[in-house]
Amino acid sequence: MIVDIPDLDQQVSVVRKSGKKGKQFTTKDSMLSIINQVSQVEESRLDKKMQRQKTIKKLVSDKASRSEANKTKKNSRLEEIKRQLRQGHSLASPFTPNKVAKKKKKMSRTLSAINRDWNDASANDGSATADGVQKKPKKSVSFDV
């Protein structure tokens with residue numbers, strides 16, 4: 001069993017046709033297949049476009065409903081604050097007006113007591129600090145030479 005192997009030293013020449021190429025005429029089947037391919041590409045493009053428009057429309061409607069909900073929440077909160085102010089409530093605390101007045105009165109008594117202590121301490125010695133604690137006098141040191 002002998003296999004015929006060509007020599008690698010020899011060049012293999014490629015035969016080329018010279019001259020004009022002939023026209024290729026299309027058949028009815030090939031034209032229909034090309035038209036079908038083009039129409040499928042166009043239909044898929046249109047489908048993608050429609051899906052994208054639907055998702056955008058859905059997102060816009062969701063955003064509008066969220067903004068409407070936030071607006072109603074904000075308005076209801078504002079109305080609640082207005083109602084509380086009309087009834088005499090303070091915005092800073094949830095207490096009733098009587099309790100707020102009592103707290104203010106108690107606070108003013110405490111502040112006046114602190115001021116009184118301050119004035120008494122500074123009048124007695126003059127060396128009292130803000131918290132009412134007296135300072136020790138400085139020691140003087142002298143050297144006799």
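What the table shows:
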{"quantity": "Qualifying residue in segment 92-108 (condition: modelled with pLDDT of 70 or more, out of contact with any Asp or Glu (no Cβ under 8 Å at 6 or more places or on another chain) and of a type in the set (A, V, I, L, M, F, W, C))", "calculated": "no"}
{"quantity": "Among (1) at pLDDT below 95; (2) surrounded by 10 or more Cβ atoms within 10 Å (Cβ to Cβ); (3) of a type in the set (D, E, K, R) - the single one residue 86 does not satisfy", "calculated": "(2)"}
{"quantity": "The lone exception for residue 39 - which of (1) open to solvent by 100 Å² or more (accessible area, probe 1.4 Å); (2) small (Gly, Ala, Ser); (3) at pLDDT 95 or above it fails", "calculated": "(1)"}
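The values are calculated or read from the model by the stated rules, or taken from the named source; none is laboratory data. From a predicted model like this one, the values you see are computed outputs, not experimental measurements. Here Cβ is always computed from backbone atoms with ideal geometry, including for glycine, and neighbour counts include all displayed protein chains. For accessibility, only protein heavy atoms count, side chains too; no ligands or nucleic acids. Shrake-Rupley method; radii C 1.70, N 1.55, O 1.52, S 1.80 Å.
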